[in-house]
Amino acid sequence: MLASGPIMAEAGKPLKIGLAQIDCRLAEVEHNASRHLEWIARAREAKVDLLVFPELSLTGYRLLHLTPRVALRPEAPLLQRLAKAAGAMPVLLGFVEEGETGVHNSAVLLARGETLHLHRKLYLPTYGLFQEARFFAAGQRLEPAPLPWGKTGVLICEDLWHPELARRLAAAGVKLLIVPSAGPGRIGAGALPDNHEGWEVITRATALLNACWVVYCNRVGWEEGCFYSGGSHVVRPGGEVIARAPVLDEHLLVAELDLRESDRLRGRLPLLDDERFDIEGPAA
Amino acid sequence: MIRREQVAGRLVLNAPLAVAVLASFIRDAAEASGLPGVVVGLSGGIDSALSAALAVQALGAERVHGFVLPYRTSSPDSAQHACALAEHLGIACRTLEISPMVDAYFTLEPEASADRRGNKMARERMAILFDMAKKLDALVLGTSNKTEILLGYSTVFGDNASSLNPLGDLYKCQVRQLSRHLNLPSEVVEKVPSADLWPGQTDENELGFSYEMADEVLYLLFDQGLRPAEVVDRGYDEDVVGRIVSLEQRFRYKRRLMLIARISGSAVNLDQEIPRD
């Protein structure tokens, strides 16, 4: 019944977004999938239109040599099961994708038993404690997704630290940017974890400079002594944080987004229209 | 460019947040292991006191089992402070003298040096804590801080052995900050740090510099990636910096305990990095 119904969200109406700030068990895909089902049910009760899970939510993040063992084809039965469970409420989740030519850190948007959109992480951090390029192949394609509520872009974690991607999506008409993440926490003297400061600078600047909504969904929990610090948040076009999840705990953060705010701000602040491509100097 | 007077400020933590994070670390490890509790050796010093207090925050007092493991030459104050701390935290505390076990061995090795005797005591305590952990369905809670780990100021497979260590990324001054925040007894927080392996021993005498100095120098070398000469340029004593650098280099082996000879293409931890959750 749910699988065949129309997608609930529509253009011109507020979009009720849910961010599932969850913990994941490393490499325990079946366990994580059953927890996704629980959170999908919870979000449905909250009448969410679009539910977002963190980066690699089906597998956990720090997989290293376990990476190929948990890879799934996009048409895998387990993903189909989740796509059916999503029903009329599109669900974005993270998984290790077994592609034609490599294994990718991917996020897939599922609804009504189908795949609506697939994004392969474009920038694979391989520095400090990050080792992604050793185990994943980088995506090659940036694509805005035409969805019932409006054009939407997905950028996974590090992708957002390369601002030209958000810029290109916004120039293509994207009004909502979804950023699933597995961001490790650091603590200093501040009220929030130190890493949150960097993230909020970037999500807010992205929302201001591109006049779009930015939703950042981080995970929580521990892997090998490293914690993920949560703090998922929603930023409106212009840069105001309108909702923020707690730092350490699992949480369903729900916020209503009026995507027309993006159009209105673009009218007042025509940065995208003013973009120049004829300026001489160093190459982009 | 960081100046010397800024360093101490960089080591200040948001104590409530740090406590919440470290308690969640202990809770997560206990849940992941399926074991309900932790055992912790209480020395009467600040590190084991903070570890135990974090475990109480994480699991509740009834799931934290304290052990006081004195040798006959240990300072009586140590055991007394350990028991007072256990009472303060409301945790169970059992005292087991390790003198009979340690002495039994050294009747066979009567010429052993103080170092060897100290190491044996640390390993005897480790053996008891792991056995008690087995008995009580618990994990062994570590108490080594980042300063000790970087200086190699520990006994390999002794006090540096644990199932999980909430203090391993805290410099000594940060251990003090969190202990004050948790209102741990002042006789524990303010006492002069000592491994108490022989009478009158203090860490700072043995190391030849203060923890305060070590924390700052290690922060600049390790966290900030400065070269020793750049640390000295900021006004730190050249001899002390040299000694800290030499300890850090000499005892690196204590931080990576399984040295495996790789002869296949799939050696454990080298070619095959299989993470644990």
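What number goes with the only condition from (1) away from chain B (no Cβ under 14 Å); (2) over 15 Å from the mean Cα position of the chain (by Cα); (3) touching a residue at least 12 places away in the same chain (Cβ under 8 Å) that residue A:45 does not pass?
(3)
Which ranges mark the helices (runs of 4 or more DSSP H) fully within segment B:181-277 that have 3 or more residues being under 22 Å from residue B:46 (Cα atoms) and of a type outside the set (Gly, Ala, Ser)?
Where helices (runs of 4 or more DSSP H) fall fully within segment B:181-277 and carry at least 3 residues being under 22 Å from residue B:46 (Cα atoms) and of a type outside the set (Gly, Ala, Ser), they are B:186-189, B:203-207, B:211-218.
Filter segment B:82-102 down to the residues that are in contact with a Lys or Arg (Cβ under 7 Å, 6 or more places away or on another chain), in a helix (DSSP H, G or I) and not hydroxyl-bearing (Ser, Thr, Tyr) and list them by number.
B:102, the sole residue that qualifies.
Can you name every residue in segment B:11-45 that is crowded, with 18+ Cβ neighbours inside 10 Å, within 14 Å of chain A (Cβ to nearest Cβ) and in contact with a strand residue (DSSP E or B) (Cβ under 8 Å, 6 or more places away or on another chain)?
Within segment B:11-45, B:21, B:24, B:25, B:26, B:28, B:29, B:30 qualify.
Quick one: in segment B:234-257, which of the residues that are out of contact with any helix residue (DSSP H, G or I) (no Cβ under 7 Å at 6 or more places or on another chain) and acidic (Asp, Glu) is nearest to residue B:217 (Cα to Cα)?
Once the filter is applied, the top-ranked residue is B:237.
Only one of (1) among the hydrophobic types (A, V, I, L, M, F, W, C); (2) over 30 Å from residue A:274 (Cβ atoms); (3) in contact with a helix residue (DSSP H, G or I) (Cβ under 8 Å, 6 or more places away or on another chain); (4) away from chain B (no Cβ under 14 Å) is not met by residue A:107, so which one is it?
Residue A:107 satisfies all of (1) among the hydrophobic types (A, V, I, L, M, F, W, C); (2) over 30 Å from residue A:274 (Cβ atoms); (3) in contact with a helix residue (DSSP H, G or I) (Cβ under 8 Å, 6 or more places away or on another chain); (4) away from chain B (no Cβ under 14 Å) except (3).
Search segment A:92-129 for residues being among the hydrophobic types (A, V, I, L, M, F, W, C), surrounded by fewer than 22 Cβ atoms within 10 Å (Cβ to Cβ) and over 16 Å from residue A:180 (Cα atoms), and hand back the single one that is farthest from the chain's Cα centre (by Cα).
Among those residues, the one meeting the criterion is A:129.
Take segment B:241-277 and flag every residue that is surrounded by 10 or more Cβ atoms within 10 Å (Cβ to Cβ), among the β-branched types (Val, Ile, Thr) and touching a Leu at 6+ places or on another chain (Cβ under 9 Å).
Passing the criteria: B:241, B:244, B:245, B:274.
Kindly indicate the residue of segment A:238-250 that is touching a residue at least 40 places away in the same chain (Cβ under 8 Å) and more than 14 Å from chain B (Cβ to nearest Cβ) and also farthest from residue A:205 (Cα to Cα) among those meeting that condition.
A:245
What residue, among those in segment B:144-182 that are surrounded by fewer than 17 Cβ atoms within 10 Å (Cβ to Cβ) and within 14 Å of chain A (Cβ to nearest Cβ), is nearest to the chain's Cα centre (by Cα)?
B:169
Criterion first (over 29 Å from residue A:191 (Cβ atoms) and surrounded by fewer than 18 Cβ atoms within 10 Å (Cβ to Cβ)) does residue A:243 satisfy it? Even if it seems obvious, please write down each step before you answer.
Values: over 29 Å from residue A:191 (Cβ atoms): no; surrounded by fewer than 18 Cβ atoms within 10 Å (Cβ to Cβ): yes.
Criteria not met by residue A:243.
Taking the condition of being among the acidic types (Asp, Glu), without any contact (Cβ under 8 Å) to a residue 24 or more places away in the chain and closer than 16 Å to residue B:96 by Cα, how many residues in segment B:112-138 meet it?
Residues that pass the stated criteria total 1.
Report, by residue number, each residue of segment B:92-114 that is at pLDDT 95 or above and hydrophobic (A, V, I, L, M, F, W, C).
Hits for segment B:92-114 are B:92, B:93, B:96, B:98, B:101, B:102, B:104, B:106, B:108, B:112.
When residue A:24 is evaluated against the numbered criteria (1) within 14 Å of another protein chain (Cβ to nearest Cβ); (2) part of a helix (DSSP H, G or I); (3) closer than 24 Å to residue A:137 by Cα, which criterion, by number, is the only one it fails?
All conditions pass for residue A:24, except number (2).
So how many residues does segment A:1-22 have that are in contact with a helix residue (DSSP H, G or I) (Cβ under 8 Å, 6 or more places away or on another chain) and at pLDDT 95 or above?
Result for segment A:1-22: 3.
Residue B:54 passes all but one of (1) in contact with a Pro (Cβ under 7 Å, 6 or more places away or on another chain); (2) surrounded by fewer than 23 Cβ atoms within 10 Å (Cβ to Cβ); which number fails?
In the conditions (1) in contact with a Pro (Cβ under 7 Å, 6 or more places away or on another chain); (2) surrounded by fewer than 23 Cβ atoms within 10 Å (Cβ to Cβ), residue B:54 misses (2) alone.
Taking the condition modelled with pLDDT of 95 or more and buried (at least 19 other Cβ atoms within 10 Å of the Cβ), does residue B:89 pass?
Values: modelled with pLDDT of 95 or more: yes; buried (at least 19 other Cβ atoms within 10 Å of the Cβ): yes.
Considered against the rule, which asks whether it is modelled with pLDDT of 95 or more and buried (at least 19 other Cβ atoms within 10 Å of the Cβ), residue B:89 comes out as yes.
When you scan segment A:98-116, how many residues do you find that are in a strand (DSSP E or B) and either touching a Pro at 6+ places or on another chain (Cβ under 6 Å) or more than 21 Å from residue A:219 (Cα to Cα) (or both)?
Here the count works out to 8.
Mind checking which residues of segment A:57-73 are buried (at least 17 other Cβ atoms within 10 Å of the Cβ), touching a residue at least 40 places away in the same chain (Cβ under 8 Å) and more than 9 Å from chain B (Cβ to nearest Cβ)?
Hits for segment A:57-73 are A:57, A:61, A:67, A:70, A:72.
Taking segment B:183-205 on its own, how many of its residues are in contact (Cβ under 8 Å) with a residue 24 or more places away in the chain and either under 17 Å from the mean Cα position of the chain (by Cα) or surrounded by 18 or more Cβ atoms within 10 Å (Cβ to Cβ) (or both)?
Of the residues in segment B:183-205, the ones in contact (Cβ under 8 Å) with a residue 24 or more places away in the chain are B:184-185, B:187-189, B:191, B:193-199, B:203.
Within this subset, residues satisfying the condition of being either under 17 Å from the mean Cα position of the chain (by Cα) or surrounded by 18 or more Cβ atoms within 10 Å (Cβ to Cβ) (or both) are B:184, B:188-189, B:191, B:193-197, B:203.
Total satisfying the criteria: 10.
Do you know which of the residues in segment A:53-77 that are of a type in the set (Ser, Thr, Tyr) and in a loop (DSSP other than H, G, I, E, B) is farthest from residue A:27 (Cα to Cα)?
So the residue we want is A:57.
The values are calculated or read from the model by the stated rules, or taken from the named source; none is laboratory data. Note that this is a predicted model, so its numbers are computed, not measured. As a convention, Cβ positions derive from the backbone with ideal geometry for all residues, glycine included, and neighbour counts pool all protein chains shown.
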